[in-house]
Amino acid sequence: MIGNGWGAWSNGYAGDVYESKGATSVTMTLPAAAAGFYFYAESATFSTYSLTATANDGSSLTESINGFQGASGFGLSARGGTMLTSVTLSTTTDFEVGEFGICVGTASATPESSTLVGCFTASGIMLGYALRRRKAKSAA
């Protein structure tokens, strides 16, 4: 764990950021009933690399990440009534990952994409509120 205050992280996030420590592939295990999952990732080097996030249901998303540009956001949603149980991140270099959020659903009915957008938006609003409160307390 890198700790809070990660200097190059984007959007003012000051929470925990985890480093791959030389590994080019990391699997994150999710809690039960995860219908959606988002996180941010950044290259550990100041170059551009592709990072692929692959969920246990086979869905995947590839984005470019760059150490100079701040963290890039990723979001995956469960498909075909299967809950997300794990997400594997793969790239060709060290990377950092943090700022996680989970949308909870039920195994019998995976939320529609519009519900997931609402869940991710609500998570972002709550994160923003928490960060503002933390800054306000530290200024007092």
**Asked** Consider S113 against the criteria (1) of a type in the set (G, A, S); (2) modelled with pLDDT under 50; (3) surrounded by 12 or more Cβ atoms within 10 Å (Cβ to Cβ): it satisfies all of them except one. Which criterion is unmet?
**Response** (3)
**Item:** Hits in segment 45-63 (condition: of a type in the set (S, T, Y) and within 13 Å of R79 (Cβ to Cβ))
**Value:** T54, S59, S60
**Message:** Taking the condition of being over 12 Å from the mean Cα position of the chain (by Cα), closer than 16 Å to T88 by Cβ and assigned to a strand (DSSP E or B), how many residues in segment 22-48 meet it?
**Reply:** 5
**Asked** Restricting segment 74-94 to residues that are surrounded by 14 or more Cβ atoms within 10 Å (Cβ to Cβ) and of a type in the set (S, T, N, Q), which is farthest from L30 (Cα to Cα)?
**Response** T93
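Determine which member of the set A53, A34, A71, A41 is surrounded by 15 or more Cβ atoms within 10 Å (Cβ to Cβ) and free of Cβ contacts under 8 Å to residues at least 40 places away in the same chain. Step through it out loud before you land on a result.
Numbers: A34 fails: free of Cβ contacts under 8 Å to residues at least 40 places away in the same chain; A71 fails: free of Cβ contacts under 8 Å to residues at least 40 places away in the same chain; A41 fails: free of Cβ contacts under 8 Å to residues at least 40 places away in the same chain.
Result: A53 is the single residue among A53, A34, A71, A41 that is surrounded by 15 or more Cβ atoms within 10 Å (Cβ to Cβ) and free of Cβ contacts under 8 Å to residues at least 40 places away in the same chain.
The values are calculated or read from the model by the stated rules, or taken from the named source; none is laboratory data. Small disclaimer: the values here were computed from a predicted structure and weren't measured. Neighbour counts are summed over all protein chains in view; Cβ atoms, including those assigned to glycine, are modelled from backbone coordinates with ideal geometry.
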